[in-house]
Amino acid sequence: MPGFLSPLIEPGFFSNLPVQTALVVGGVVAVVSGIVGTFTVMRGQSFAGHSLADIGTAGGSAAFVLGISPLFGYVAMNLMAAGVMEWIGIRRPRGRDLATGIVLGAALGLAALFLYLDTTASSTTGATVNVLFGSIFTLPASMVPFIAIFSVVAAGIVLVMYRPLILTSISADLAIAQGIRVRLVGIGYLVALALAVSLSAVTIGAILSTALLIGPAATALRITNRTGRAAVIAAGIGVTATWLGVLLAYDSYYWFPNGGGWPVSFFVVTLIFLGYLVSQLRFSGRAVAQRRSSAAQAP
Amino acid sequence: MPQRITLDPDMPLRARDLVGLGIDGQRFGLPLPSTTRRKQVDDMLEAVDATRFAESRVGNLSGGEQQRILIAHALISRPRLLLLDEPLANLDLGSEQEVVDLLARIAREQRIAVLISTHDMNPLLPVMDRIVYIANGRIATGTTAEVVSSESLTKLYGVHVDVIHVHDRILVVAGRREEALQHGDTESIVELV
């Protein structure tokens, strides 16, 4: 390691096994979230994404009660919730937000029950912290293959449906006119979204997982005019924030107040938010300037 | 082409990308860069006079520019018939005229039948060949000259209608009894061949 980095990187960072797992898993999950998140923002489904994240809390805490990995709880619960949202949303085309809200309320009630059972059964707050704020440093190696499979499926769905997804995001009517089965694309997309939210719930926690999904994508959409590039930039921002977050969390072991370290999800979410703020200031200024100059050129 | 598509300014999509999706937007998998495809898109952008703003974000274009891009998107798959639902809705007078001229040129140059539904046929009168006029549950069909006359329109609406010729242009104006006109939903389908 170059000497000038030593004040930034505490000794033992790269040789620490939990850190290595965290960097690999966090990186993969950030890439998936960036790709899927770009379409979440384009399709205006940020609310659905956030609701899936909250609903996943119920699944994750239920998994603890059953003694299995929370990842399976998130995936099962999110897929189910996505199915219910789709079903209600189709029957009442304008009721999508309403349907999401109703499912969300019911699921959070379940989460309250399961988290209560978790804490009373084990008399620790471990399960609660794990579900709400993630478990990137305590992931068992046995979960890595499952994370890899879910990642490939989520990113794969979006990449395979890339062009139909863009067209349906622009306008359902336009997509139908071109022979696209809009409902099928919508269902496929919700599956990818449910998986992406579950994966980021594992790394930065169920209630924060939308930050990784929406934040980098919203920033990327301001930076570039091209869909593919936006997805790549969003993935890059997510990976950068996650890796820096892991590093800072590792460093924070010696920080205020008593050597317990700060949670990695705090750093990741804060870094993503700062990135968005910078892009807002920088690129909204540029867009205005561009609009003015093109207005001046017009005959 | 569907009526009134609102293109979101936040959508990271250039005008040229939207036109390209007209070729293969329904396909699965990632698009591969191809010089023939690029040439095809360039030619289409040229044909609708959109080369100037090809690299701009579609959501930031004016209504008339967006309409031209959407027409290019529909045309690039080389259809024999172009169906447009209210393509002039929500356009200012200048953009309206541009879109009308473009549609007339495409119909003639590319030998495509263009079928348009519209509530206001005035801007289309100079270019349309045949018309299906629907009003009060009745239909009048024929060439523009046959249908767009005071007698035939008055008969169709049951309200006095004037067809006025000004500066080589024809204007259709409803006369008295405005009440009756408001109740009859009218729609005309215009065909350019």
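Bear in mind that the values in this text are calculations on the coordinates, not laboratory data. Since this is a predicted model, take the numbers as computed values, not measurements. A quick note on method: Cβ atoms are made from the backbone with ideal geometry, for glycine too, and the neighbour counts reach across all protein chains shown.
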In degrees rounded to 10, the 0-90 angle between helix B:35-47 Cα long axis and the longest Cα principal axis of chain B is 30
With +1 at each Lys and Arg Cβ and -1 at each Asp and Glu Cβ, the charge dipole magnitude of the protein assembly as shown around its Cα centre, to the nearest 20 debye, comes out at 760
Yeah, chain B with a ≥ b ≥ c from its alpha-carbon gyration tensor (a/c under 1.5 is rounded, else prolate when a/b outruns b/c, oblate otherwise) is prolate
Rounded to the nearest 0.05, FRET efficiency between B:Arg105 and A:Ile102 (Cβ-Cβ, R0 41 Å) equals 0.20
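Note down the relative contact order for chain B as a percent, whole number, built from C-alpha pairs under 8 angstrom at least six residues apart.
Reported as a whole number, the value is 20 percent.
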Charge dipole of the protein assembly as shown built from unit charges on the beta carbon (Lys, Arg +1; Asp, Glu -1), centred at mean Cα; most positive-end Cα among B:Ile106, B:Val159, A:Asn225 is A:Asn225
Pseudo-spin-label distance B:Leu30 to B:His119, built 7 Å along Cα→Cβ, given in nm, is 4.6
Of A:208-219, A:242-253, B:155-166, ordering from highest average Cβ density within 10 Å down gives A:208-219, A:242-253, B:155-166
Once the dipole of the protein assembly as shown is set up from charges on Cβ (+1 Lys and Arg, -1 Asp and Glu), the residue from the list A:Gly105, A:Ala76, B:Leu115 lying farthest towards its positive end is A:Ala76
Applying the span-like rule to chain A (DSSP H, Cα extent along axis at least 24 Å, Kyte-Doolittle mean at least -0.5) gives A:17-42, A:46-66, A:70-91, A:96-122, A:182-204, A:227-251, A:264-297
With -39,500 (n - 2.57) per DSSP H segment of 4 or more residues and division by the full residue count of chain B, the 222 nm estimate, nearest 500 deg cm²/dmol, is -11000 deg cm²/dmol
Length-normalised contact order of segment A:3-292, Cα under 8 Å, at least 6 apart, in percent, tallies to 29
For B:Ile139, other-chain or 5+-apart residues with amide H closer than 5 Å (H placed, Pro excluded) are none
In degrees, nearest 10, the alpha-carbon axis of helix B:63-75 is tilted away from the dominant principal axis of the alpha carbons of chain B by 70
